[in-house]
Amino acid sequence: MNEAIIQNFTNKILSVDLKEIFINGNQFILNKGHSYSINNQAGDLAETNFFGKDLEFTIVSNDFEMPISIQLYENISGYYRIFVYNNRGMLTSINLSMGYSDGEISLEIQLKLFSRNMTKEERERNRDMLVMDLAREGIDIVKKNTVCFGKYDVINDKFIDTTEKKFLEQLIKVAIIKGHYMKNKGYELAIL
């Protein structure tokens with residue numbers, strides 16, 4: 001996979017003007033930007049982030065407010081990944097390089113919960129509830145605990161079985177709901 005493919009993918013995603021999402025029937029407003037950059041780069045936005053600050057939001061709903069940052073860059077292992085962070089750390093990520101085969105990128109996330117404060121049984125129970133909540137939201141779960149958003153056709157520069165808007169919306173939903181079940185990201189959602 002080369003940088004031109006990633007730039008085409010980036011352009012598709014950045015063309016989306018997403019203003020709100022709904023989780024369990026509740027509206028979450030996506031306000032562009034927040035007051036600082038969130039990532040694992042000691043507060044500085046990685047210069048190699050293809051999305052720049054364009055996918056930084058403050059998500060607001062009733063008594064809930066949370067900044068998130070969606071970033072795409074090549075990590076130290078040489079893989080292109082999309083990361084979703086809040087101010088307490090990474091919520092989820094997608095490895096675009098590992099999903100690349102035969103001119104398509106499979107947009108998938110295997111759902112795993114890592115938290116030092118949960119037993120193995122608690123992690124499995126929370127993961128099972130996470131899977132049920134995501135399925136309720138209309139997000140495809142395939143194989144064992146794997147979210148399938150669809151595919152990106154790199155040759156024809158188009159999404160398959162999804163759209164750029166649906167992909168971005170579902171990615172944010174997965175991140176927010178997963179963060180709830182991780183129990184260490186600074187929030188819990190009463191609506192779940």
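The values are calculated or read from the model by the stated rules, or taken from the named source; none is laboratory data. Fair warning: this is a prediction, and the values are worked out from it, not measured in the lab. Counting neighbours? That spans all protein chains shown, and the Cβs are built from the backbone with ideal geometry, glycine included.
Side notes on the structure shown:
The rows are residues; the columns are (1) crowded, with 20+ Cβ neighbours inside 10 Å; (2) of a type outside the set (Ser, Thr, Tyr); (3) part of a loop (DSSP other than H, G, I, E, B); (4) in contact with an Asp or Glu (Cβ under 9 Å, 6 or more places away or on another chain).
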{"site": "Ile70", "(1), (2), (3), (4)": "yes, yes, no, yes"}
{"site": "Ile76", "(1), (2), (3), (4)": "no, yes, yes, no"}
{"site": "Ile82", "(1), (2), (3), (4)": "yes, yes, no, no"}
{"site": "Tyr85", "(1), (2), (3), (4)": "yes, no, no, no"}
{"site": "Ser97", "(1), (2), (3), (4)": "no, no, yes, yes"}
{"site": "Met118", "(1), (2), (3), (4)": "no, yes, yes, no"}
{"site": "Arg123", "(1), (2), (3), (4)": "no, yes, no, no"}
{"site": "Leu130", "(1), (2), (3), (4)": "yes, yes, no, no"}
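- In the condition set (1) without any contact (Cβ under 8 Å) to a residue 40 or more places away in the chain; (2) farther than 14 Å from Gly179 by Cα; (3) in contact with a Ser or Thr (Cβ under 6 Å, 6 or more places away or on another chain), Gly78 is compliant with all but (3).
- Here Leu113 meets the list (1) of a type outside the set (Val, Ile, Thr); (2) touching an Asp or Glu at 6+ places or on another chain (Cβ under 9 Å); (3) at pLDDT 95 or above almost entirely, failing just condition (3).
- Test: residue in region 7-15 that is in a loop (DSSP other than H, G, I, E, B) and either at pLDDT 95 or above or crowded, with 18+ Cβ neighbours inside 10 Å (or both): yes
- Residue that is nearest to Ile23 (Cα to Cα), among those in region 147-173 that are assigned to a loop (DSSP other than H, G, I, E, B) and over 17 Å from the mean Cα position of the chain (by Cα): Asp161
- Filter result for the condition that a residue is touching a Lys or Arg at 6+ places or on another chain (Cβ under 8 Å), modelled with pLDDT of 95 or more and over 24 Å from Ile155 (Cα atoms), over Leu18, Leu45, Leu96: Leu18
- Condition met for Leu113 (under 17 Å from the mean Cα position of the chain (by Cα) and crowded, with 21+ Cβ neighbours inside 10 Å): no
- Between Phe22, Phe51, the distinction of being surrounded by 13 or more Cβ atoms within 10 Å (Cβ to Cβ) and among the hydrophobic types (A, V, I, L, M, F, W, C) belongs to Phe51 only.
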